[in-house]
1. Anything in the stretch 123-143 that is touching a strand residue (DSSP E or B) at 6+ places or on another chain (Cβ under 8 Å) and either in contact (Cβ under 8 Å) with a residue 60 or more places away in the chain or charged (D, E, K, R) (or both)? List them, or say none.
2. Suppose the filter is surrounded by fewer than 23 Cβ atoms within 10 Å (Cβ to Cβ) and touching a residue at least 60 places away in the same chain (Cβ under 8 Å); does residue 120 pass it?
3. Being of a type outside the set (Asp, Glu), in contact with a strand residue (DSSP E or B) (Cβ under 7 Å, 6 or more places away or on another chain) and not in a strand (DSSP E or B): is that true of residue 33 here?
4. Being surrounded by 18 or more Cβ atoms within 10 Å (Cβ to Cβ) and under 25 Å from residue 203 (Cβ atoms) narrows it down to one of 92, 114, 190, so name that one.
5. Restricting the stretch 253-287 to residues that are of a type in the set (S, T, N, Q) and in a loop (DSSP other than H, G, I, E, B), which is farthest from residue 375 (Cα to Cα)?
6. Restricting attention to the stretch 216-235, which residues are under 20 Å from residue 199 (Cβ atoms) and in contact (Cβ under 8 Å) with a residue 24 or more places away in the chain?
7. Kindly check whether there is at least one residue in the stretch 288-309 that is assigned to a loop (DSSP other than H, G, I, E, B), on the phi > 0 side of the Ramachandran plot and either out of contact with any Leu (no Cβ under 7 Å at 6 or more places or on another chain) or surrounded by 24 or more Cβ atoms within 10 Å (Cβ to Cβ) (or both).
8. For the stretch 36-52, which positions are surrounded by fewer than 18 Cβ atoms within 10 Å (Cβ to Cβ) and assigned to a loop (DSSP other than H, G, I, E, B)?
Amino acid sequence: MRRIGVGILGAMTFGLAPASARLPDAAAIERLAHKAMSETGAKGLAVAVIDGGQVRSAQAFGARNAKGDPLTTRTVMYGASLTKTLFGYYVLMLVDEGRLDLDRPLGTMLPQPLADYGNLDAYGNWGDLAGDERWRQVTARHVLTHSVGFANFSFLEPDGKLRFHFDPGVRYAYSGEGILLLQFALDRGLKFDTGVEMERRLFRPLGMMSTSLKWRPAFAANLADGWKADGSVEPHDERSRVRAAGSMDTTIGDLARFTAAMARGWGLSKRARAEMSKPQLPITTRSQFPTLQAEAAPQDRRAGLAAGLGVIAFSGRQGRGFMKGGHNDSTANTLVCLEKKRRCVLIMANDVRAEAAFPSLVRSILGDTGVPYEWEYPNLFKDEI
């Protein structure tokens, strides 16, 4: 067993919703959200609840900027790495259409060898891979299970160069640059524009009219800035490039629509939807970050924790579920879904301090799920005792 840390997280007592109980109503969630903000000092928080594959509530609380303008369900917020889940869903749509095979090496889709493209600022440092033929093995499944073998990004390497740390498919190691490799293969190999295609296939059909992988000037009218851990304000970044690893701007209302659709399997065959959330590759590390840490001894690994396709699969008292987080210095997002009842909680915060409340807040809404927050946020938990 792991115990919640004795700091701010340990002080939170939200109340546990029984697994079989009706989910909290909007008024109860509002109380929980305000308590979470009070306990953490977070300035802004948005929460959506999905039940039976339908949006039951989507609410926003607090401020969107230092002036105190209100955060609303229509405020544009940074999606961060939740972008990867929507990108994975889009990839599975291409698989259903026969345009992509999850196990086909991505190199076979490109007109020329990957390393010959050199280092492309919009995508990745492919030229660094010259002389290492393992790029020829990488598949879409490797990318979506974060088992390519790259660091998260090459700029994090001591020399700033992209390299393989292990053979593709061997183990899980989170990599945003791996996601960009798949985007590159689709954009160049299929001659798609990922931003345009995701808008056409996902955002517009689902009514996500304030969601984009590229900055829109219209977003400025109702935009969330962010707060860092030290309480300082960080202006919203106007991302001018489509980056499937994390450039999405969206609203809690829009992303709730996608989450409900994902819970239902909208737009996918039953086979593709099942593939998304099934355990694809066991996760063998104590935590998600740092990304290239040594694997834990077998007895120290979290049972049932595995990579899905664009999500993390887990199991608990309510059966199978999946999750995904999104984070930067002033953003904290989490998405948790339970397969059996198509129940999900989506939380977006424009204040990274809210992250400390996520485990208790999700537990208060969904009950005891088994979501592996001690792996996602190890700094919030004490060592085993």
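1. Pass one, the stretch 123-143, residues touching a strand residue (DSSP E or B) at 6+ places or on another chain (Cβ under 8 Å): 125-128, 136-139.
Within the stretch 123-143, 128, 136 meet the criteria.
2. Spelling it out, residue 120 is indeed surrounded by fewer than 23 Cβ atoms within 10 Å (Cβ to Cβ) and touching a residue at least 60 places away in the same chain (Cβ under 8 Å).
3. For residue 33, the condition - of a type outside the set (Asp, Glu), in contact with a strand residue (DSSP E or B) (Cβ under 7 Å, 6 or more places away or on another chain) and not in a strand (DSSP E or B) - is met.
4. Details: 114 fails: under 25 Å from residue 203 (Cβ atoms); 190 fails: surrounded by 18 or more Cβ atoms within 10 Å (Cβ to Cβ).
So the residue among 92, 114, 190 that is surrounded by 18 or more Cβ atoms within 10 Å (Cβ to Cβ) and under 25 Å from residue 203 (Cβ atoms) is 92.
5. Of the residues in the stretch 253-287, the ones of a type in the set (S, T, N, Q) are 259, 269, 277, 280, 284-285, 287.
Narrowing further to those that are in a loop (DSSP other than H, G, I, E, B): 269, 280, 284-285, 287.
On the way: 269: 31, 280: 18, 284: 11, 285: 8, 287: 4 Å.
Per the stated criteria, the residue is 269.
6. Across the stretch 216-235, the qualifying residues are 216, 219, 222, 223.
7. Restricting attention to the stretch 288-309, the residues satisfying the condition of being assigned to a loop (DSSP other than H, G, I, E, B) are 288-297, 301-305, 308-309.
Then keep just the ones that are on the phi > 0 side of the Ramachandran plot; that gives 304.
Among the residues that remain, those that are also either out of contact with any Leu (no Cβ under 7 Å at 6 or more places or on another chain) or surrounded by 24 or more Cβ atoms within 10 Å (Cβ to Cβ) (or both) are: 304.
Checking the stretch 288-309: at least one residue is assigned to a loop (DSSP other than H, G, I, E, B), on the phi > 0 side of the Ramachandran plot and either out of contact with any Leu (no Cβ under 7 Å at 6 or more places or on another chain) or surrounded by 24 or more Cβ atoms within 10 Å (Cβ to Cβ) (or both).
8. 41, 52
The values are calculated or read from the model by the stated rules, or taken from the named source; none is laboratory data. Remember, predicted model here, so these are calculated numbers, not experimental data. Positions of Cβ are generated from backbone atoms using ideal geometry, with glycine treated the same way; all protein chains shown enter the neighbour counts.
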